[in-house]
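Enquirer: Have a look at this one.
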Amino acid sequence: QLRLSGFNRHFRNLKEIGVQYRFAGNTQWTDLYAWATSAADTAGSNRTLLPTEGDLRMTLDMLEDIYYPEGKYEFRAYTTTPYGNDPIRAYSDVVTVIKDMKRPRPLYTPAPANGILGIGEQLSVEFNEDIIPGYVGSSNIVITAQLNGKPIDHEVSMQLLPYGEEVRTENPLFLSGNFAMEFWLKAHESGTILHQGKGDGNFGLSIDPNGYVVVNIAGAKYTSEKAVPMDEWTFFAMNYKAETMTFNMIAQYDTTTLDLFTGQTVSEIDIDKADYRDDNYLYLGPINANIHDLAIYNIFRDLKEAKADKYVSKDAYTYGLTNYWHMNEGHGFVAADTRRKTGGRSSVKTSPHGWTAPPACRRTSRKSPPVSTTAMLSSYGIIRR
């Protein structure tokens with residue numbers, strides 16, 4: 001908001017008071033707004049009549065980059081009085097305004113490069129623009145950390161529902177070549193756990209009404225040898241080897257290990273049917289279930305290794321890890337892909353999914369009940385809900 005003061009509205013022959021601006025470095029000033037002393041001078045113009053008392057105030061919306069790109073702007077007030085037939089202007093001192101709405105972006109890998117801060121080491125991050133020292137403080141710089149190999153628990157998870165628009169990654173996710181995936185799931189009913197692309201044209205995992213896991217590859221369905229329990233936190237791990245076109249999958253709960261698939265062969269015809277051209281987003285649901293710690297790898301990860309690490313959270317330096325959604329936010333509209341912390345954020349259509357969390361983690365807004373907020377998954381840094 002701009003405020004003009006210290007002028008003499010009773011000055012003889014005063015015609016108008018106005019504001020000009022220019023982008024720093026330009027030689028030309030642009031008239032922004034004006035107040036006229038005569039009602040006749042306001043007709044057919046964007047000027048308004050000068051109030052009889054008080055300072056002048058105006059609000060300028062500079063949000064749109066098309067009209068006001070980021071940078072330094074200069075503003076000044078002026079008065080106009082006639083001298084003969086010529087208008088004469090007198091100007092105020094120049095006021096500088098800086099528009100800087102974009103957050104700084106890190107350019108390189110922060111130090112320490114392995115993401116583990118040792119004793120006596122320092123954090124170092126280089127950004128794409130200078131950071132003014134006076135702006136660095138506890139009010140606008142936040143540093144968070146977590147212990148290496150933080151244990152996984154089931155207190156907070158994403159709630160999936162069998163209706164509404166499905167949770168979907170913001171950006172495509174490719175499962176070509178060798179890959180592996182792991183996640184914790186507590187299924188309450190049968191339904192689709194996840195699938196790549198709309199429909200069943202690519203890859204999908206589901207649980208049928210009898211509790212058996214069904215793997216769908218380009219329409220071909222493979223049913224597990226054993227059924228998984230309902231209403232029980234269960235760890236799932238799957239791997240696929242492109243060279244042999246075979247996959248394996250296990251499920252674990254308590255002390256029980258279920259071998260769901262062992263060396264299951266996928267026909268080359270079904271592999272060729274998969275259509276990755278139109279939709280490579282990863283979708284969760286529809287299913288009545290809770291899920292957390294979904295990890296995607298671009299390697300053939302041994303199931304024994306997956307079982308050994310099932311209670312240990314992953315980090316950005318886990319070998320072969322491409323995407324990892326911890327899903328421990330418990331509130332708000334975002335579940336972050338911690339493997340891609342520098343990824344972009346973009347808005348997407350959401351669905352009536354939410355969180356299951358202890359009371360301290362739940363959102364208490366009157367407008368949105370704590371466990372009925374919408375959630376969305378992102379394969380490139382952020383999952384927006």
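Enquirer: Which value, in Å to one decimal place, does the Kirkwood hydrodynamic radius take for region 194-238 when every pair of different Cα atoms is included? Each step should come with its number before you reach the end.
Expert: Values: mean 1/r = 0.0891 Å⁻¹.
Here the Kirkwood hydrodynamic radius works out to 11.2 Å.
Enquirer: Using the Cα atoms as the points, what is the convex hull volume per residue of region 223-298 in Å³?
Expert: So the per-residue hull volume is 136 Å³.
Enquirer: Output the relative contact order of region 83-205, whole-number percent, from Cα pairs under 8 angstrom with separation of 6+ residues.
Expert: For region 83-205, the relative contact order is 13 percent.
Enquirer: Just to confirm a number: summing +1 for Lys and Arg and -1 for Asp and Glu over residues other than W29 whose beta-carbon lies under 12 angstrom from that of W29, what do you get?
Expert: +1
Enquirer: Hey, what's region 31-129 come to in accessible area per residue, 1.4 Å probe, Å²?
Expert: 74 Å²
Enquirer: What three numbers, in Å, describe the spread of the alpha carbons of region 5-123 along their principal axes, ordered from the longest?
Expert: 76, 27, 22
Enquirer: Shape of region 53-103 from its Cα gyration tensor (a ≥ b ≥ c, root eigenvalues): rounded if a/c is under 1.5, otherwise prolate when a/b > b/c, or oblate? Mind showing how you got there, number by number?
Expert: Details: a/c = 2.80, a/b = 2.26, b/c = 1.24.
Judged from the Cα gyration tensor, region 53-103 comes out prolate (a/c at least 1.5, a/b above b/c).
Enquirer: Three principal axis extents, largest first, for the C-alpha atoms of region 152-208, in Å?
Expert: Extents along the principal axes: 33, 28, 25 Å.
Enquirer: Something else about it: Rounded to a whole number, what is D in µm²/s for region 65-164 from Stokes-Einstein with the Kirkwood radius over alpha-carbon pairs (25 °C, 0.890 mPa s)?
Expert: 120 µm²/s
Enquirer: How much length would be gained if the chain were fully extended between D86 and N178, taking 0.36 nm per residue of separation minus their Cα-Cα distance, in nm to one decimal? Walk me through the numbers on the way to the answer.
Expert: On the way: separation 92, 0.36 × 92 = 33.12 nm, distance 7.94 nm.
That works out to 25.2 nm of additional length.
Enquirer: What is the dipole size for region 160-276, taken about its Cα centre, with +1 at each Lys and Arg Cβ and -1 at each Asp and Glu Cβ, in debye to the nearest 20?
Expert: Values: 7 positive and 17 negative charges, 16 e Å.
Taking the Cα centre of region 160-276 as origin, the dipole is about 80 debye.
Enquirer: Sticking with this one: In µm²/s, what is D for region 81-227 at 10 °C and 1.306 mPa s, where D = kT/(6 pi eta Rh) by Stokes-Einstein and Rh is the Kirkwood radius from Cα pairs?
Expert: For the chosen part, D equals 70 µm²/s.
Enquirer: Mind grabbing the base-10 log of I(q)/I(0) for region 37-82 at q = 0.29 Å⁻¹? Debye formula, identical points on the C-alpha positions, no solvent, two decimal places.
Expert: Per q value, in the given order, log10 I(q)/I(0) is -1.20.
Enquirer: Follow-up. What does the extension gain come out to for K226 and N128, with contour length at 0.36 nm per residue minus their alpha carbon separation? Spell out each step's value before the answer.
Expert: On the way: separation 98, 0.36 × 98 = 35.28 nm, distance 5.35 nm.
Length gained, K226 through N128: 29.9 nm.
Enquirer: Among 131-140, 185-194, how do they line up by average Cβ neighbours within 10 Å per residue, starting with the highest?
Expert: Per-residue mean Cβ counts within 10 Å order the peptides as 185-194, 131-140.
Enquirer: Output the peptides 4-15, 226-237, 251-262 sorted from most to least packed, where packing is the average of other Cβ atoms within 10 Å over each peptide's residues. Write down the numbers at each step before the final one.
Expert: Values: 4-15: 12.5, 226-237: 17.2, 251-262: 15.1.
For the peptides 4-15, 226-237, 251-262, the packing ranking is 226-237, 251-262, 4-15.
Enquirer: Output the peptides 168-181, 308-321 sorted from most to least packed, where packing is the average of other Cβ atoms within 10 Å over each peptide's residues.
Expert: So the peptides 168-181, 308-321, ranked by packing, come out 168-181, 308-321.
Enquirer: Measuring from centroid to centroid over Cα atoms, what is the spacing of region 228-267 and region 61-89 in Å?
Expert: 68 Å
Enquirer: Give the relative contact order (percent, whole number) for region 45-147; include only Cα pairs under 8 Å separated by 6+ residues.
Expert: On the way: 78 pairs, mean separation 17.8, N = 103.
Over region 45-147, the number comes to 17 percent.
The values are calculated or read from the model by the stated rules, or taken from the named source; none is laboratory data. Just so it is clear, the model here is predicted, and its values are computed rather than measured. Virtual Cβ from ideal backbone geometry, glycine too; neighbours counted across all protein chains shown. These area figures cover heavy atoms from the full protein model, side chains too; ligands, DNA and RNA do not enter into them. Shrake-Rupley method; radii C 1.70, N 1.55, O 1.52, S 1.80 Å.
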